[in-house]
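I have placed the structure first, in the form of structure tokens, so that the comments after it can refer back to it.
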Amino acid sequence: MSAQKKRNFQIEAFKHRVVVDPKYAEKTWKILEHAIHEIYNHNASGLSFEELYRNAYNMVLHKFGEKLYSGLVTTMTYHLKEISKSIEAAQGELFLEELNRKWADHNKALQMIRDILMYMDRTFIPSTHKTPVHELGLNLWRDVVVHSSKTQARLLDTLLELVHRERSGEVINRGLMRNIIKMLMDLGSSVYQDDFEKHFLEVSADFYRCESQEFIESCDCGNYLKKAERRLMEEMERVSHYLDARSEAKITNVVEKEMIESHMNRLVHMESSGLVNMLVDDKYDDLGRMYSLFRRVQSGLVIVRDVMTAYIRDTGKQLVTDPERLRDPVDFVQRLLDLKDKYDKVINLAFNNDKTFQNALNSSFEYFINLNARSPEFISLFVDDKLRKGLRGVSEEDVEVVLDKVMMLFRYLQEKDVFEKYYKQHLAKRLLSGKTVSDDAERSLIVKLKTECGYQFTSKLEGMFTDMKTSQDTMHVFYSAVGPQLGDSPTLAVQVLTTGSWPTQPSATCNLPAEILWVCDKFKSYYLGTHTGRRLSWQTNMGTADLKTTFGKGQKHELNVSTYQMCVLMLFNNTDRLTYKEIEQATEIPASDLKRCLQSLACVKGKNVLRKEPMSKDIAEDDAFFFNDKFTSKFFKVKIGTVVAQRESEPENQETRQRVEEDRKPQIEAAIVRIMKSRRVLDHNNIVAEVTKQLQARFLPNPVVIKKRIESLIEREFLERDKTDRKLYRYLA
């Protein structure tokens, strides 16, 4: 196939010369000028817009665009000057109405003019970089009308006066305000800002500065906050009704600065109505209002948080150091829980569950709970009280709530190992006396402790429960095997306790009655016969007994007593009178325990199964004791000297502290060795920091004690000092 020939097409200019009438431009402009006059005079209905458009089109086409444009500027300026005079002549409230009406008319006229001159707008104006028709109309309105010497200041004053009247409670024409403000915005954001917004904000600042000063002198804190909140809402509403949306942040900032930020400290500390009074009186609405207002200003919430923290710390410090409160450990802990509940509720209802406030509350509690060295003991006593009797008949969910609250206080403790020491003692007494409300509750708390502190913290506690279960099984097998040999001898229930799991008790010997001793020996022979390599030592100070007793006139009672009390009472089977010395010699019970035992048997009203001569509350070594034939009670079963955990005396507390300090030494040493093993070389300050970090979950080690343990490890050649730098330690493999 042959290739097609390529043809080029060219469009040539029209050869015929068009002759234009020399007066064409003038004639055509006169027609257009007349049309513009008619539009402004509201006579546009008789005009042919198609013909006018064609005339304007032809003028631009024939290169008369400049004449058309300059003529438009002159004509519009003339009409706007006339309009400006009309507006200036309007009196009073008619001023804005006239301005609004003329502005609406100008916009309509401008639309018609732009339609007529559309071709000029699309071709001539972009090529000559002139202002488009619509924008030109707005600029001329701005310069001729709005910025006229008589209108500009008057317009601003009128608008500000209307805002002031509205703030004073009057009803104004918001629709008219909206139209005028929109006019300023349509003329350009700079016109709105320079002609109105800037002055509006300045006047508003002065207004709220004066008003806030007036309010602060006459109102209490709660009422002041209500007024500030209402003013803030009013300004937001004002913006939504007739101001530019971008003004909201600016005007609310003015209100916040003048009404809140300027008076923050005075409001918070206001006498008899400030933050502290709101907290004391549980004024959740006022507190919520303070929170929502103060969060709007810089450092507002910091002031609220600091004042609240200082007050809580002060309140808590008074609570934990008040000698009256320390007399009742259960009440002491309950007050702590009530205090925590109170401020949890405040933070939840008023402070929007703000984490920074929650953290401040937690740090406050941690601060004052650890001011009292007996807090771990008291929290354990609180648990003991609840698990003995306080939670009897309470639903499982409520038990969990109480235990969770206990765990919350436990987390604040720096000396968690001290709590563990006391908790173990109290748990042992509950288990051995069978006084626990619920095994499930006991186990639930141990699970919570395990989750919080790890397996090592609770392994011994779990071992105690295992021992109790194993002991039940052992006794069942014992009676199955040896029961027939025992005949009608006393029934024995033995709990075999693993030495490492239970709190160490001083093993005091006691002479058991012969009939009891015989059964005990039987059990011992059986147990050691079935378990090789074990030793049994009787803990008589931890046991209990039920005695069937006959008093005068054949009255019978069942007495629930401790093992020591049983040993004393059984002596009176053979005699009616015994001296203190004789009892001590016969039983060999330690003197302090014996005196407490005799006090509970002879000196407690309603429980005095013995009589003492001479009668007194204290036990002396020359006292004589008699079996009380005249003892009566409306109960068949009588409990005497029940084993209830009591707060320790000061010497006992010191003793427990010393035991805790001793227990801490190997833990500190183990931490030092672990750290040095991994680091090999470390200076003294870093060792102290690392050891504290590792052990703070259980207790806060004393730097002096850490230093002593380092010295001990150096002596035992686990570590050595660097020969050049004495503060540097090296690990010896």
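The number of residues in region 315-355 that are assigned to a loop (DSSP other than H, G, I, E, B) and over 23 Å from K389 (Cα atoms) comes to 8. Counting only strands (runs of 3 or more DSSP E) that fall entirely inside region 543-622 and contain at least 1 residues that are under 59 Å from the mean Cα position of the chain (by Cα), the qualifying elements are 544-550, 556-562, 610-613.
Within region 107-117, which residues are buried (at least 18 other Cβ atoms within 10 Å of the Cβ) and touching a residue at least 40 places away in the same chain (Cβ under 8 Å)? Even if it seems obvious, please write down each step before you answer.
Residues of region 107-117 that are buried (at least 18 other Cβ atoms within 10 Å of the Cβ), as a first pass: 109-110, 112-113, 116-117.
Across region 107-117, the qualifying residues are A109, M112, I113, I116, L117.
For region 118-131, the criterion of a residue being closer than 22 Å to S189 by Cβ and open to solvent by 20 Å² or more (accessible area, probe 1.4 Å) is satisfied by at least one position.
Is it true that some residue in region 111-119 is within 21 Å of Q91 (Cβ to Cβ) and out of contact with any helix residue (DSSP H, G or I) (no Cβ under 7 Å at 6 or more places or on another chain)? The answer is no, given that none of the residues of region 111-119 is within 21 Å of Q91 (Cβ to Cβ) and out of contact with any helix residue (DSSP H, G or I) (no Cβ under 7 Å at 6 or more places or on another chain). Residues that are open to solvent by 10 Å² or more (accessible area, probe 1.4 Å) and touching an Asp or Glu at 6+ places or on another chain (Cβ under 9 Å) within region 361-382 comprise N370, A373, R374, listed in sequence order. Consider region 25-49 and keep the residues that are without any contact (Cβ under 8 Å) to a residue 60 or more places away in the chain and among the β-branched types (V, I, T). The one that is surrounded by the fewest Cβ atoms within 10 Å (Cβ to Cβ) is I31.
Rundown of residues vs (1) closer than 17 Å to R154 by Cβ; (2) out of contact with any Asp or Glu (no Cβ under 8 Å at 6 or more places or on another chain); (3) in contact (Cβ under 8 Å) with a residue 12 or more places away in the chain; (4) assigned to a helix (DSSP H, G or I), yes/no style:
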site: A56; (1), (2), (3), (4): no, yes, yes, yes
site: E66; (1), (2), (3), (4): no, yes, yes, yes
site: T75; (1), (2), (3), (4): no, no, yes, yes
site: Y78; (1), (2), (3), (4): no, yes, no, yes
site: K85; (1), (2), (3), (4): yes, yes, no, yes
site: E88; (1), (2), (3), (4): yes, yes, yes, yes
site: Q91; (1), (2), (3), (4): yes, yes, no, no
site: R101; (1), (2), (3), (4): yes, yes, no, yes
site: D105; (1), (2), (3), (4): no, yes, yes, yes
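Among the residues of region 263-276, those identified as surrounded by fewer than 17 Cβ atoms within 10 Å (Cβ to Cβ) and touching a residue at least 12 places away in the same chain (Cβ under 8 Å) are N265, R266, H269, S272. Taken together, the criteria place E256 among residues that are more than 29 Å from L138 (Cβ to Cβ) and under 26 Å from the mean Cα position of the chain (by Cα).
Conditions tested, residue by residue: (1) open to solvent by 60 Å² or more (accessible area, probe 1.4 Å); (2) out of contact with any Gly (no Cβ under 7 Å at 6 or more places or on another chain); (3) within 30 Å of Y119 (Cα to Cα).
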| residue | (1), (2), (3) |
| --- | --- |
| V133 | no, yes, yes |
| L138 | no, yes, yes |
| V146 | no, yes, yes |
| Q152 | yes, yes, no |
| T158 | no, yes, no |
| H164 | yes, yes, no |
| S168 | yes, yes, no |
| M177 | no, yes, no |
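The residue of region 414-447 that is modelled with the lowest pLDDT, among those that are open to solvent by 40 Å² or more (accessible area, probe 1.4 Å) and assigned to a helix (DSSP H, G or I), is D439.
Residues in region 224-270 that are under 20 Å from M177 (Cβ atoms) and charged (D, E, K, R): R231, E234, E235, E237, R238, D244, R246, E248, K250. The set of residues from region 660-682 being open to solvent by less than 50 Å² (accessible area, probe 1.4 Å) and acidic (D, E) comprises just one member, E669. The selection criterion, being farther than 29 Å from T151 by Cβ and surrounded by 20 or more Cβ atoms within 10 Å (Cβ to Cβ), holds for L52. If you take the residues in region 298-333 that are open to solvent by less than 60 Å² (accessible area, probe 1.4 Å) and acidic (D, E), which one is farthest from A373 (Cα to Cα)? Only one residue tops the list, namely D331.
The values are calculated or read from the model by the stated rules, or taken from the named source; none is laboratory data. All figures in this text were calculated on a predicted structure; none of them were measured in a lab. As a convention, Cβ positions derive from the backbone with ideal geometry for all residues, glycine included, and neighbour counts pool all protein chains shown. Just the protein is used for accessible areas: all its heavy atoms, side chains included, with ligands, DNA and RNA removed. Shrake-Rupley method; radii C 1.70, N 1.55, O 1.52, S 1.80 Å.
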